[in-house]
Structure formats: structure tokens, C-alpha cells
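Worksheet: one structure, shown below.
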Amino acid sequence: MTPHDNRMLLDTPFASRVQAACELREWEPWKGYASPIAYEDVELEYFAARNATGVFDLSPMTKYRIGGPDAEPYLNRLLTRDVRKIRPGRVGYTLWCNDAGMVLDDGTLFHLSQGDYRLCAQERCLDWLLTSALGLDVTIVDETAEVAALAVQGPTSCAALRAMGLEGLESLKPFGLRHYPFDGGELMVSRTGFTGDLGYEAWVAPAHAEALWDAMFAAGRNHLIRPMGNAALELARIEAGFIQAGVDFVPAEQVLRHGRARSPFELGLDWLVDFDKGHFTGRSALLREREQGSRFRFVRLDVEGNKPAPESFILNKRGKTVGHATSAAWCPSAKRNVALASLEMPWGRPEDELYAEIYYSRELRWTRIEARCRIIDGPIWDPPRRRQTPAPNF
Amino acid sequence: MTDATYDALIVGAGHNGLACAAYLASGGRKVLVLEAGERPGGLAATREFAEGFRVSAAAHLLNMLSPEVAKELALERHGLAYAARNLKTVVLPGNGRQLVIDGDRLEGASANDQAAFTEFQRRMRRYAKVLNRFCARPFPHLTERRGRDNRLLAKLAWDVRTLGKADMRELLRIGAINIHDVAEEQFENPLLKAALSMDAVLGSHMGPRSPNTVYAYLHRHLNDDGQGPALVKGGMGALGDAFAAAAEAAGATIRYGARIASIDLTDCRAAGVTLADGTNLAAALVVSNADLKSTFQLVGPLNLDAGFVRRVHNFRARGVTAKLHLALDGLPEFRGLNPADAGSRLLAATTMDGIEGAFNHAKYGECSPQPVMEVTIATVHDDSLAPPGKHVLSAVAQYAPYALKAGWRAGRETFMHSCLSQLEALAPGIGEQVIAAELLTPPDLEARFGLRGGHWHHGEIALDQALFTRPVPGANHYATPVPGLYLCGASAHPGGGLLGLAGRNAAKAILAGADAA
């Protein structure tokens, strides 16, 4: 049997610990890896991330190591942000587009040390990274399998990690990163995450993965640490208002039908596009869009009532469909019924009266409601601890 | 130092660059042509390769020059003269009876073949005439059609329609297939089939059985008057000189020895060029006669979208054509060739399978051990090219792949030997007559003429790289993704060959205010 014949989903380096903790044994594939939907109970896991610490195995996240003499200009041309402003030891949230200015993916760029970068993405994009490297002197290595990572999210996360021996972690600023010796190797900790709360991500070589899990859960016991699965993370990220590739937009390289891709402007990510930094892929198209107007507007909606509006049509006051929800959930901490939605222009202006068409069933009885939506201007869930430095020691 | 006295800078003084310069200058623009070499013409060049022996260094026959360009630029008034016109094509048989193609008339072929050939020529000339209408102007925009694009498309559609049912159906049948199948079904004489195949594959990484070779054949016959090619007096360099004189007469300035180091951008727009000596020249328009890949190398990948760079990278431009030059002590005697025909266009290719077999090697990075050749001995008509009584032989030889697996250091000698052996078989004793010999391989052509990949036509003439897709989407209407930067060379529509149309079309597009694609 060749490796190619093995069609089983892959185990992450934390698999022995994840499997032992996963009471529900509900798995879903994530870029070729088996990933738990939930360990015990989605609500408990979600509340751990909001009120204590939730630990999420993010090893399947696609990771590329990028270096070489042209690394900085290469990345500056690949990404829409000004990469020169992301100093060594810092992380930046960013996105990248094709020539037509349509979003291929969003992700985080880690400037590990001068000229040495890691790009973390939802989608595999080696082909695009190599295409972008034509004529440039860069090295690009897919290190997805060579780096194990845990997201450690929630108000007690800093305290739990400090209890593990990571001294001085409280002084790490949001989007900063720091290296610690660990288990005879090195542990990198970044103050990043996908929950919109105080939280960290811990990165090690796979050989130290089990030791990291064990040390973290031992140290975190008094900080009510708990593993969390995909469902709890999904709830937290909707509450934080974050978009997800493949859910809230279709990555442009995967789009088959004309007009289904989205530009940064059409995802509400204008702030990630820097026209002043020089050329980058998609710049001309995005300039044109800025002049001529976008086709869609991405909004976060506060939907009346408590019935989530997943995949709902969004209607105007005359009942005409003007868009649809891409993600939706009742968000327990924000205490809001949130929907992320893509609307046709010009809909989504503050004065527009919008409704979500929601279908729900109670014991086989289906009900259809049209719930009034209000556009959320500003953050949905944004506790001060998310940005506080030094981080609070709960 | 900046110098903003010019409206347009043209990169390269190839014949298209000069044509573009002439039309732009006539249109009132101040034009400076920058040429790395010391002579105008690019691939239209005459070269002294041995003392007293001069030869057309690249293209050696003129059969495609657009009559509109020749007339509008008054090339003959600017010095273009012919040493011979309406050359016959003679297929050298080695053994047996030679075949002569003299216009529509065949010598050495059956009556059946003569009848079929007359009909074939009639059709092909009609098709080439329609194709020429597509080529003699910028191709209309298909997606963002404006009024004049619609009018033009309607006109072109009408041109195709007026072919009539039978000829249009035949065009649709053969337009995208290979010359081998078409020749096989219509003709008997293997030499005739080989001659048609040579017309379809010269300069291309294609064999007679490659798809699209009928299209390549039509391209070669774009401006065919049916009379056969011409030899330019003084070698093809004289054509370059005539274009240069026409450009200068129109008001353009040409600067030689000016190698471009980069095409410079300001705020993502073309703003000028930097020369190898560090001089900066500013102009709002930069027009490149260089090939697609070289042009965008000068712009730099960081100034371009990644997807566009990929398209440029994937543009098929693998040169397979070498040029052999021989200085001869006397006129060689080809077996079976009437000595009166020694000044004809001679083809050293006797069967389609022989050509295909020669191409097979190129597919795998090897030189053909039995190359096929198009040979001219210009000194029969033009005694200015060699000392009295001596001759120069010029041969376009295929297939010699640019990326030779064994490397050209070792391959040069081998391929030269293969060519000479072929010639020796056709003209016994020619080896003894050789005073000096030179082989220009595709890497040599790249180095000498700045042709990336050493491809004569800058890139394959094939349907995926022709008409509205030439060279690549995003740069297919002379304008490029970089505002202010235009293409005017063989990389652009309608492509390679000494046509002058790419330069003329580019100038027209620029003067009409073509927008950045």
C-alpha cells in the first residue's frame, strides 16, 4: 500500500489526547485531518472560551514558511496590506486577491524574525504562492504537518499559560509573538485567535505536541481549562464578527460560476487594502471597483428574536430578496441574534428596513417568520481584556 | 537626469518598432526609438559572418510584408530594393525528379496534383485574404464591445460570410487541424506535401501533424500574391534600413547602443525607461517591440499581477529554428537541380514523415539528426554579398530546440554536422566548397536579438496565441495591464513574420486612445 492508497483522514499531532477527551466522537474533515465537532457539549465548550479557557487544536490550519532575499517584496505584492509595517515579532491579519481583485483567502502573517515569515491560511494555496513567486527569489515550504498548534482562548488563558511556566506572557501585546524553551525544544506563543477575546496560540514541533497538551491541561486545571471543538469555535467567531473562507465567501480560485467571488470591499474589509504601498495583485481591479462601485455589501445584522437565521434570504420592506445570510447564530455572551450577510448594492444602508426570512421547526411543525434586522455598526463582542496589556490575570 | 522631450519611447528598433515609430510620428507624437544594437531592423538584419561574406542573419526571404505598410511608409523610396522577386520554390529530391512550385504552376507533378493545387491555392488565398482583414487592424474588443468594435465585428463576420457556403465550410473544417491530413487527402506527390508542410512549420515548435498547422500555413500566406517570395537587395538588413529611414523621415529619432535596463513606473503607470548606462528617459508612453517575456521582465514581476505574470510565463515561445550560414568557394551543384534554379527557394525536405521525424527529436530536447532546411543562395541574384565568384548559402534549419538536453556547447558541433551532411547528400562536394561556416542556434538568436526563448515569431503562431488571444489575455489589444505601456512587436496581434502590421496596428490603437486593458 502506498501512502496514496491510505484514504483515512489524518491524525493531528495531538490526536492521542484529542481522541481521549472526545466523548462524543463526532469528527469532521478539516483539510484532510480528522477534527472534533465537539468534545462533550458545545455550550460548555463555548462558555469555557468566554468565561475560562477553551483549547482548540488548530494543527490542520494550512501553514507556509516563506523566506529568501525577496520575501518582503514578494509578500507585499501577494497581500493587500503593507507587509513592511508588520515588524519582526508581530502578526498581521491580511488577505490576498487574484488579478480581478477577488479574495482568494484571508489569514495571518507571522513575521517570525527578520525576513522569515509564516502565512497561515484556511485554504491550500501553494499553487498561487508559487505563481506569485515567478521571477522572484523566495523559498516557500508547506509546513502544515511540521507545526502543531493549539489555540488557548478565554479570560483565564493568560493565567493558565503563566501557570505552565510562560513567565512574562502578560506583557505580550495583541498580535505579538514570543518564544519560550519547552520540553527540550521551542514553544512559540502568539497573542492571536479566532474568538475575539483574550487568547493565544501556541506553536510547537509535532514531537512536543503531547507534552504541550499535557502541561497545558495540568497547569490550567484551576483555571477551568477545557478542550473545544469546531462548533464552539464557530459560535465564538460569529459572535466576534469574523468571516470564514468557504462559508462567508467562496475563495476565488474555487468559484465556478461567474460573479460569485467577492472583493475585499464586498466583504467589508476595506481597511485591509492599502493602495499607497505600491503594486499588489488585484490593485488595478480594486482601484477600478473603488471608482465604479461594488456589487455587494457585507453586513452584520442584529436579527430580532432568538431564532438564528442561517442561510436566510434577506428581504427589503417590500418583500424583495436583496441578499442572504452567510453565517448566523444566537450569540449567548453578546446576547444578540447575529447574522453575517451579503447584500446586493445599494442595500444595507442605515435607513434600509430589512428582514430575515427564517424557517424553524418545533417538533415537526415548521414556522416561517420575517424578523426585522438592524445593521450592527461597531463590534458585537469586544471585551476590554481582548486588548489589555498586561493581560488580566483571572 | 530626466528627459521629457519625447511623448513615446519605443523599446527596440525591429521593423515593427520602427513601423510603430513612423506611424506615431506621423500622428504628431515625438518618438524616440531605443535600440540595444548598432543597426536597425532587429531580425531583419544583414550580417558579415566571414570576411567579405554577408548574409541575412535571420529571416532571409520576404513574403509577408504588408503592402499597406510598404506603401504608407514608402519603403521603396526609403531604399528597399529587391534582388529578385517571385522566387520559385524547388523541393530538392536527392534522388529522382525535383518538384518546382512556380506561382500556381507545378513542374514535376501529376495532372491530378496540378488541378488539386490550383484549387488549393485559390482557397488558401481567399482564406488568407479574409485572415488578413483580421490582421490588418487592431482586433475588436469582444467583451467590452463599444460601437466601433461592433461595427468591426460585423464587417469581419461579413468577410467570412462572403466566402460562400462551400469555402466557408471548408475553412471551418480545416482551420484548426493539421497540414499533414489536409495535404494527405488532396495531393499525391510527396515532395509537394513536404513543401506545404514546410510552409506550415517553419519557425514553429510544430510538426506537420501538430494541430493548428493549417492556421500557421495561412498566417505565412497572409499577404500572398501567389507569386513566391522575394530577396531583398543587400540582404534583409536593407529592409531594416528602409524602415529606419521611413521612421526618421516621419520625424522619429533612433538611438543605437541604448540597451534598456528597466521600464520604469510611477504610481503604477509607465513613466519612462532606464538605460543600462543609468540614463533615465521619461515619457508618458512606452511601446515595446521586444518580445512579451522580455518586455515584462523589464517591468518586473513585482509591478504586475501574479496571474498576468503566470500567463506571460506560459506563453509558448520555445525556439526550434537555427540559422546556418556558409561562405562558399563556388556555386554548389544540387543533384537534379536545373542550374538555372539555383537562386530559388530550395527546400531540403522530401516527405512529411521526414519532417515529422525531425520534429520528434525536438519534442524530447534533442536536435534532429536529419534536419529539414529552407535554403537560399542570395549571391545568385545579388553579387554585393560576396567577393566575385564566391557565394553565400543561408539555411533555416529545423529542429534545434532552445532547451537542448545535451546543452548547446556540445550540441552546436553535432547539429552543424547534421546540417552539412544533409547538404552534402543533396549537393555532393559542397563540403569542399565551404570557406567559412556559422550556426546561429536559438540561444544565439536570443542573445543577439533579445528574443526570449529564441523563437522567431516571439511565440508560437497557434490558435490559442493568435488573433484576440495574442499574446495573452490582458495584453491582447496592444495595451497592457500597465497603463501607458504598449506592445508593438511580433508578440502582439497578428504575430511574427516580416509584416509590419503589429507595429502599424499598435500605433493605430495608441493614436485611437486605447485604454489599459
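When the alpha carbon gyration tensor of the range B:470-517 is reduced to an equivalent ellipsoid, its three semi-axes come out at 17, 12, 7 angstrom, largest first. The distance between label points at B:GLU413 and B:ALA276 comes to 3.0 nm (points 7 Å beyond Cα on the Cα→Cβ vector). Simple spin-label estimate for B:ARG125 and A:PHE175 gives 7.2 nm between the two label positions (7 Å along the Cα-to-Cβ direction from each Cα). Let me know the charge dipole size of the range B:117-220 about its Cα centre in debye, to the nearest 20, where only the beta-carbon of Lys, Arg (+1) and Asp, Glu (-1) is charged. Approximately 700 debye in magnitude.
The GluC sites (Glu not before Pro) of the range B:179-211 that meet both conditions, a loop assignment by DSSP and at most 15 other Cβ atoms within 10 Å of the site Cβ, are B:GLU188.
Averaging Cα coordinates gives a centre for the range A:13-89 and one for the range A:307-336; these two points are 27 Å apart. For the protein assembly as shown, the Kirkwood hydrodynamic radius from C-alpha pairs, put into Stokes-Einstein at 37 °C and a viscosity of 0.692 mPa s, yields a diffusion coefficient of 104 µm² per second. Could you please state, rounded to a whole Å, how far the C-alpha centre of the range A:155-192 is from the C-alpha centre of the range B:272-330? One Cα centre to the other: 52 Å.
Applying the Kirkwood pairwise sum to the alpha-carbon positions of the range B:9-146 produces a hydrodynamic radius of 19.0 angstrom.
For chain B, the Cβ-based charge dipole about the Cα centre amounts to some 1460 debye (Lys, Arg positive; Asp, Glu negative; other atoms uncharged).
Of the residues A:LEU256, A:HIS279, A:ALA219, the one whose Cα sits farthest toward the positive end of the charge dipole of chain A, with +1 on the Cβ of Lys and Arg and -1 on the Cβ of Asp and Glu, is A:HIS279. Here's the picture: charge each Lys and Arg Cβ at +1 and each Asp and Glu Cβ at -1 in the protein assembly as shown, and of B:THR295, B:LEU99, B:HIS78 the one pushed furthest to the positive end of that dipole is B:HIS78. Taking amide H as placed 1.01 Å from N in the peptide plane, the amide H of B:LEU99 sits under 5 Å from that of B:VAL91, each at least 5 places away or on another chain. Each principal axis of the Cα cloud of chain B was taken in turn, and the coordinate range along them, longest first, works out to 66, 57, 46 Å. Sites listed here are chymotrypsin sites (Phe, Trp or Tyr not before Pro) in the range B:360-459 whose DSSP assignment is loop and whose Cβ has at most 13 other Cβ atoms within 10 Å: B:TYR364. Between the residues A:TYR93, B:VAL31, B:SER394, the greatest Cα displacement towards the positive end of the dipole of the protein assembly as shown, with unit charges on the Cβ of Lys, Arg, Asp and Glu, is found for B:VAL31.
Could you tell me which trypsin sites (Lys or Arg not before Pro) in the range A:1-87 are loop residues by DSSP with no more than 10 other beta carbons within 10 angstrom of their beta carbon? In loop regions of the range A:1-87 (DSSP not H, G, I, E or B), the sparsely surrounded trypsin sites (Lys or Arg not before Pro) are A:ARG7, A:ARG25.
When Rg and Dmax are taken over the Cα atoms of the range B:226-300, they come to 16.2, 52 Å. Here are some pairs, A:LYS277/B:LYS293; A:LYS173/A:LYS277; B:LYS88/B:LYS129; A:LYS85/A:LYS173; which of them have Cα atoms lying more than 18 Å apart in this structure? Table pairs above 18 Å Cα-Cα are A:LYS277/B:LYS293; A:LYS173/A:LYS277; B:LYS88/B:LYS129.
Legend: P(r) of the range A:133-264 from all alpha carbon pair distances, 5 Å bins from 0, whole percents, reading 2, 9, 16, 17, 17, 14, 10, 8, 5, 2, 0. Per residue of peptide A:123-136, the mean number of Cβ atoms on other chains within 10 Å of the residue Cβ is 3. Inter-chain neighbour count for B:308-314: the average number of beta-carbon atoms from partner chains within 10 Å of each residue's beta-carbon is 4. Normalised by 2.2 N^0.38 Å, with N the number of residues, the alpha-carbon radius of gyration of the range A:295-381 equals 1.03. With contacts taken as Cα pairs under 8 Å and at least 6 residues apart, the range B:207-307 reaches a relative contact order of 15 percent. Among B:GLU413, A:GLU253, the ranking by other beta carbons within 10 Å of each residue's beta carbon, starting with the fewest, stands as B:GLU413, A:GLU253. Listed by chain and number, the lysines whose C-alpha is less than 18 Å from the C-alpha of A:LYS307, apart from same-chain residues fewer than 8 away, are A:LYS335. Under the convention that each Lys and Arg Cβ holds +1 and each Asp and Glu Cβ holds -1, the size of the dipole of chain A around its Cα centre is about 1060 debye.
Using a simple spin-label model with pseudo-atoms 7 Å out from Cα toward Cβ, B:SER384 and B:ARG85 lie 1.7 nm apart.
Since every read-out is calculated from the coordinates, none of them should be taken as a lab result. Please read these numbers as outputs of a predicted model, since none were measured by experiment. In this analysis, Cβ positions are derived from the backbone assuming ideal geometry, glycine residues included, and neighbour counts consider all displayed protein chains.
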